[in-house]
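Okay, structure first, notes after.
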Amino acid sequence: MDKKSVYRTNIIGAGEVGTARSVDMNKKVIHTTNSLFWDTKGSDVLGATALPLYGAFVSEEKCQLFGDVSGKKMLEIGCGSGQSLQYLGERKASELWGMDISENQIEKTRQHLTASGLSAKLICSPMEEKCGIPENYFDFVYSIYAIGWTTDLEGTFCQIASYLKKDGAFIFSWSHPIHKCVVAENNMLVFKKCYFDESWYSVSLDESTLTLSDRKLSTYVNALSKAGFVIEQMIEQSDDEIMQSRDDNSDFAKKAKMLPVTFVIKARKL
Ligand SMILES: C[S@@+](CC[C@H](N)C(=O)[O-])C[C@H]1O[C@@H](n2cnc3c(N)ncnc32)[C@H](O)[C@@H]1O
């Protein structure tokens, strides 16, 4: 066996998937691999996570991180299905912009918004790179379960800071790193992966491949600070009302009662 093809616990979305293989961080290869996944499989395999939900058990309706968005200029990083842009467009945001590495996801967003009688400026690009998005322009930049795909967290946060007006807000959600380490097994939660391990790995999903790394919370916090953001609010709590209303008895729901499966951060550009 290739010495890098060692088994390691790997959680994507709600549960454990496949055997992860350690890989080197090569931005070009990772972008090719991941954009192929999102072009061909994407949300058909992983499902969409979109506003008002920040994750399975956290909602904007309860948290009110955006507040009143009427007249505000919005940019979504990793716009995927377009459902979050629709949510904000229907709340009278004045401009909708979206960017995504996948042509197919951009097309999905376009079709979804058109069907809802909305339109957006859409750009196909990796979030790590400059791509013609205006600077000092947006009231809000946000991202729902897409930021973690970046190969360069600090660089991406610096790009995002450049798009925001002074005092503009950046709101994003991602899988909580504790959730990525803990597996439900025989009615117990078992810590199976080292929280500090941020190495890159590939995993096969539905005959396609994804490459990513799991970062510590401090990595996100420190990268935000370096990019000139101050954190205003962080949410880790699973919402009891959402859990009760779903009558969900899955391992994922049981896990969400015991530990954070999603984190959301609202940060402000100084
Ligand atoms: C989990 S989906 C986002 C879900 C989205 N909130 C929705 O409602 O569909 C992640 C998105 O990030 C995009 N993505 C992955 N890597 C990216 C990168 N480096 N730059 C920009 N977008 C990326 C994918 O194409 C995908 O559309």
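The values are calculated or read from the model by the stated rules, or taken from the named source; none is laboratory data. Since the structure is predicted, the reported quantities are computational estimates derived from the model, not experimental observations. Quick reminder, even Gly has a Cβ in these numbers, built from the backbone with ideal geometry, and neighbours come from all protein chains shown. What goes into the accessible areas is simple: the full protein's heavy atoms, side chains included, and nothing from ligands, DNA or RNA. Shrake-Rupley method; radii C 1.70, N 1.55, O 1.52, S 1.80 Å.
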- Query: Tell me, what is a quarter of the convex hull surface for the C-alpha atoms of region 31-160, in nm² with one decimal?
  - Reply: 7.6
- Could you list the residues of region 230-270 with an amide nitrogen less than 16 Å from a label point located 7 Å from the Cα of K165 in the Cα-to-C-beta direction? 268-270
- Query: What is the set of long-range amide H partners of I12 at a cut-off below 5 Å, with H atoms built 1.01 Å from backbone N?
  - Reply: V17
- Note on the structure: Taking only the Cα positions of the chain, the convex hull volume per residue in Å³ is 126
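Quickly rank 83-89, 124-130, 181-187 as a protection proxy: mean count of other C-beta atoms within 10 Å, highest first. Before the final figure, lay out the partial values.
Working: 83-89: 23.1, 124-130: 16.3, 181-187: 14.1.
Packing order, densest peptide first, comes out as 83-89, 124-130, 181-187.
If you add up the charges near K92, with Lys and Arg at +1 and Asp and Glu at -1, over every other residue whose beta carbon is less than 14 angstrom from its beta carbon, what do you get? Walk me through the intermediate numbers first.
Details: positive: K72, K73, R91; negative: D68, E90, E95, D139.
Once all neighbours under 14 Å are counted, the net charge is -1.
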- Task: Please work out the C-alpha center-to-center distance from region 164-199 to region 85-108 and express it in whole Å.
- Result: 25
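Considering only region 5-269, what is the antiparallel percent among its DSSP beta bridges, to the nearest 5? Don't jump to the answer; show the numbers that get you there.
Numbers: 30 of 48 bridges.
Given both bridge residues lie in region 5-269, the antiparallel proportion sits at roughly 60 percent.
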- What accessible area per residue, rounded to a whole number of Å², is obtained for the chain using a probe radius of 1.4 Å? 46
- Item | Among 99-110, 211-222, the order from most to least packed when residues are scored by Cβ within 10 Å on average | 99-110, 211-222
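Of K62/K216; K41/K254; K62/K257; K193/K226; K193/K255, which sit over 19 Å apart, Cα to Cα? Could the numbers behind the result be given before it?
Details: K62/K216 26 Å; K41/K254 28 Å; K62/K257 17 Å; K193/K226 28 Å; K193/K255 16 Å.
Check vs 19 Å cut-off fails for K62/K216; K41/K254; K193/K226.
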- Message: Computing the accessible area with a 1.4 Å probe over protein heavy atoms, can you report the carbon and sulfur percentage for the chain?
- Response: 50
- Can you work out ³J(HN,Hα) from phi for every residue in region 139-144, in order, using Karplus 6.51 cos²θ - 1.76 cosθ + 1.60 and θ = phi - 60°, giving whole Hz and x for Gly and Pro? 7, 9, 10, 9, 7, 10
- In terms of modelled amide H atoms, which long-range or inter-chain residues lie less than 5 Å from the amide H of L122? G98
